[in-house]
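Student: What follows is a single structure, and I will ask about it in a moment.
The values are calculated or read from the model by the stated rules, or taken from the named source; none is laboratory data. Worth saying up front: this structure is predicted, and the values here are computed from it rather than measured. We place every Cβ from the backbone using ideal geometry, glycine too, and count neighbours over all the protein chains shown.
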Amino acid sequence: GAVVSQHPSWVICKSGTSVKIECRSLDFQATTMFWYRQFPKQSLMLMATSNEGSKATYEQGVEKDKFLINHASLTLSTLTVTSAHPEDSSFYICSAWQGWEPEAFFGQGTRLTVV
Amino acid sequence: AQSVTQPDIHITVSEGASLELRCNYSYGATPYLFWYVQSPGQGLQLLLKYFSGDTLVQGIKGFEAEFKRSQSSFNLRKPSVHWSDAAEYFCAVGDDAGNMLTFGGGTRLMVKP
């Protein structure tokens with residue numbers, strides 16, 4: 001299957017700072033990427049859908065000004081958590097879609113801890 | 001809107017015993033269905049998927065799942081569980097294109113020696 005790389009795997013940041021998470025499709029071009037969030041011992045919840053060259057679509061309840069998504073190329077989407085607070089501590093995971101096969105491929109996730 | 005229910009939050013089985021994890025979905029059309037496994041602190045690993053065709057699908061690590069349209073179910077099975085199978089298991093349904101997933105709440109599997 002296709003490979004999606006997410007970086008960093010884990011990050012600790014101070015409250016009030018911003019953190020950028022990268023999601024790269026390594027061996028295919030991804031027309032669409034998805035960002036999910038998973039709180040401890042909970043399931044994954046879709047945060048937003050990003051399409052290359054256009055604005056991301058956010059799910060209800062997700063603050064677009066807090067979670068900035070940029071999908072500037074067909075192989076890279078970034079999620080920036082702005083002015084992070086401890087309640088933003090979570091596991092963030094992306095997936096990327098080639099555009100034809102009905103399956104998106106997941107990155108390995110990023111564990112964010114805000115102190 | 002699509003939804004997925006995994007009725008069992010926790011399941012404990014003895015090593016070598018058979019396993020069945022339940023998954024029920026709600027979706028208007030023929031669904032794209034997936035099972036993923038997640039070890040603690042790790043990402044998701046795809047076990048198997050159903051798009052169409054044979055309703056019994058084989059996956060990795062000896063897992064299989066059966067799509068039953070009449071019951072809106074996609075239960076995951078394994079004939080003999082190994083201690084390394086202890087993990088969190090997620091069932092998911094895809095949208096019309098199969099790529100945007102709605103996940104079930106997950107089932108945590110524990111394996112007794």
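Student: Among the residues of region A:14-51, which ones are away from chain B (no Cβ under 12 Å), over 24 Å from A:Val114 (Cβ atoms) and surrounded by 16 or more Cβ atoms within 10 Å (Cβ to Cβ)? Can you show your working first?
Tutor: Step one: of region A:14-51, the residues away from chain B (no Cβ under 12 Å) are A:14-22, A:24-29.
Going one step further and asking which of them are over 24 Å from A:Val114 (Cβ atoms), we end up with A:25-29.
If the condition is that a residue be away from chain B (no Cβ under 12 Å), over 24 Å from A:Val114 (Cβ atoms) and surrounded by 16 or more Cβ atoms within 10 Å (Cβ to Cβ), then A:Ser25, A:Phe28 are the ones that fit.
Student: While we're on this one: Taking region B:87-108 as the search range and keeping residues that are modelled with pLDDT of 85 or more and within 16 Å of A:Ala30 (Cβ to Cβ), which one is surrounded by the fewest Cβ atoms within 10 Å (Cβ to Cβ)?
Tutor: The extreme case among them is B:Met100.
Student: Given the criterion at pLDDT below 95 and closer than 27 Å to A:Val115 by Cβ, identify the matching residue among A:Lys55, A:Lys64. I'd like the intermediate steps shown before the answer.
Tutor: Working: A:Lys55 fails: closer than 27 Å to A:Val115 by Cβ.
Checking each option against the conditions leaves just A:Lys64.
Student: Here's a follow-up. Here's a check for you: in region A:97-115, which residue that is more than 9 Å from every other protein chain (Cβ to nearest Cβ) and under 16 Å from the mean Cα position of the chain (by Cα) is surrounded by the fewest Cβ atoms within 10 Å (Cβ to Cβ)?
Tutor: Among residues in region A:97-115 that are more than 9 Å from every other protein chain (Cβ to nearest Cβ) and under 16 Å from the mean Cα position of the chain (by Cα), the one surrounded by the fewest Cβ atoms within 10 Å (Cβ to Cβ) is A:Thr113.
Student: Could we say that A:Thr49 is of a type in the set (Ser, Thr, Tyr) and under 19 Å from A:Trp10 (Cα atoms) here?
Tutor: Judged against the criteria, A:Thr49 is not a match.
Student: Which residues, taken from region A:75-96, are touching a His at 6+ places or on another chain (Cβ under 9 Å) and within 14 Å of another protein chain (Cβ to nearest Cβ)?
Tutor: Going through region A:75-96, the residues touching a His at 6+ places or on another chain (Cβ under 9 Å) turn out to be A:77-78.
A:Ser77 - this is the single residue of region A:75-96 that is touching a His at 6+ places or on another chain (Cβ under 9 Å) and within 14 Å of another protein chain (Cβ to nearest Cβ).
Student: Could you identify the single residue in A:Ser83, A:Ser54, A:Ser77, A:Ser89 that is among the polar types (S, T, N, Q) and crowded, with 20+ Cβ neighbours inside 10 Å? Step through it out loud before you land on a result.
Tutor: Details: A:Ser83 fails: crowded, with 20+ Cβ neighbours inside 10 Å; A:Ser54 fails: crowded, with 20+ Cβ neighbours inside 10 Å; A:Ser89 fails: crowded, with 20+ Cβ neighbours inside 10 Å.
It is A:Ser77.
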